[in-house]
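*Asks:* First the structure, which I've put down as structure tokens, then a few questions once you've had a look.
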Amino acid sequence: MRMRRKKNLESRLADCGDYIIYLDREDKNFSVKDTKDILDLEKIFGNSNPIELEIGCGKGQFAREIAKRNPDINYLAVEKSSNVIVDAASAAIAEGIENLRFARGDAEYLDCFIPAKSVKNIYLNFSCPYPKNTYARHRLTHGGFLEIYKRILADGGEIYQKTDNMHFFEFSLEQFSQNGFALKNISLDLHNSGFEGNIVTEYEQKFSEQGFPIYRLEAYLR
């Protein structure tokens, strides 16, 4: 079911100022890369600190917490819904988090905007599993997306994925392995694994309380 448009959405988005970046282009032919669309990340953050990316940030609980824990790293959190991203950005502004920005746009066009080899790490937290096989190409760990990540990841960069969906996790393991990534620190029950430093997301808390195991992996290019 589609989320109802928030009241005063446009004015709320405007109030977020520079905390929201809009990944839009006049030319919708995204097969053509145009350097004028590439983000100047140093200008956006006001420094040259490393960049980390969360794709599908939801209301931003994870992004806000990791940014507060790591003030010397800049975080860009991507979300395609204006209804959702406005809450995430508003919360970050209220908490005074200066090393976090939000990008409204679709993940399939990220390499039209993100500089090549500029992202230290990518976080995929509880992405939609698109359970029907006919929608597999929409999964954020599908090979098509992994090729995009390859272009924007810095040398030595890693991808961290968490999900509650076993079938999606199995699909992800296969896709990473088939597309040039190596895997490490694979967990089939994160909360009972002894892993330290985990930041619990909104969905993670909900699913864990319902008794679902949380699956996690780390992927890096061979």
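The values are calculated or read from the model by the stated rules, or taken from the named source; none is laboratory data. Bear in mind the structure is a predicted one, so any value in this text is a computation, not a measurement. All Cβ positions, even for glycine, are placed from backbone atoms using ideal geometry, and neighbour counts span all protein chains on display. Just so you know, the surface numbers come from the protein's heavy atoms only, side chains and all, with ligands and any DNA or RNA stripped out. Shrake-Rupley method; radii C 1.70, N 1.55, O 1.52, S 1.80 Å.
*Asks:* Share of antiparallel DSSP beta bridges in the chain, in percent to the nearest 5?
*Replies:* Close to 30 percent.
*Asks:* For the stretch 42-161, what does the alpha-carbon gyration tensor say about shape, rounded, prolate or oblate, given a ≥ b ≥ c as the root eigenvalues, a/c under 1.5 as rounded, and a/b over b/c as prolate? Each step should come with its number before you reach the end.
*Replies:* On the way: a/c = 1.95, a/b = 1.29, b/c = 1.52.
Cα axes put the stretch 42-161 in the oblate bin.
*Asks:* Along the three principal axes, how long is the chain when you take its alpha carbons, biggest first, rounded to the nearest angstrom?
*Replies:* Here the spans come out as 42, 38, 38 Å, largest first.
*Asks:* Still on this model: Assuming a ≥ b ≥ c are the square roots of the Cα gyration tensor eigenvalues, decide whether the stretch 126-193 counts as rounded (a/c under 1.5), prolate (otherwise, with a/b larger than b/c) or oblate.
*Replies:* oblate
*Asks:* Please compute the length gained on full extension between residue 183 and residue 117, using 0.36 nm multiplied by the number of residues separating them and subtracting their Cα-Cα distance.
*Replies:* 21.8 nm
*Asks:* Mind listing which trypsin sites (Lys or Arg not before Pro) in the stretch 86-160 are in a DSSP loop and have 14 or fewer other Cβ atoms within 10 Å?
*Replies:* On the way: sites: 101, 104, 117, 120, 132, 137, 139, 150, 151; in loops: 117, 132, 139.
Within the stretch 86-160, the qualifying trypsin sites (Lys or Arg not before Pro) (loop, at most 14 other Cβ atoms within 10 Å) are 117, 132.
*Asks:* Same structure again: Whole percent per 10 Å bin, from 0 to the bin with the longest distance: what is P(r) over all C-alpha pairs of the stretch 63-134?
*Replies:* Going out from 0 Å in 10 Å bins, the stretch 63-134 shows 16, 47, 31, 6, 1 percent.
*Asks:* Note down the net charge around residue 160, summing +1 for each Lys or Arg and -1 for each Asp or Glu among other residues with Cβ under 11 Å from its Cβ.
*Replies:* -1
*Asks:* Let's see if you can work this out: charge +1 on each Lys and Arg Cβ, -1 on each Asp and Glu Cβ, no other charges. What is the dipole magnitude of the chain about its Cα centre, in debye to the nearest 20? Let's see the in-between values first.
*Replies:* On the way: 30 positive and 33 negative charges, 113 e Å.
Charge dipole of the chain: 540 debye, to the nearest 20.
*Asks:* Of 138, 167, which has the most accessible area and how do the rest follow, probe 1.4 Å? Walk me through the numbers on the way to the answer.
*Replies:* Numbers: 138 65, 167 125 Å².
Accessible-area ranking of 138, 167, largest first: 167, 138.
*Asks:* Roughly how many Å is it from the Cα centre of the stretch 129-169 to that of the stretch 74-120, as a whole number?
*Replies:* For the stretch 129-169 versus the stretch 74-120, the Cα centre distance is 18 Å.
*Asks:* Which value in deg cm²/dmol, rounded to the nearest 500, describes the helix-derived mean residue ellipticity at 222 nm for the chain, given -39,500 (n - 2.57) per DSSP H run of n ≥ 4 and division by the residue count?
*Replies:* Theoretical 222 nm ellipticity from helices: -8500 deg cm²/dmol.
*Asks:* Further question: Considering lysine pairs in the stretch 64-222 that are 8 or more places apart or on different chains, how many have Cα atoms under 25 Å apart?
*Replies:* 23
*Asks:* Hand me the GluC sites (Glu not before Pro) from the stretch 176-222 located in a DSSP loop with no more than 13 other Cβ atoms within 10 Å, in residue order please.
*Replies:* Numbers: sites: 196, 202, 204, 209, 218; in loops: 196.
Filter output for the stretch 176-222: 196.
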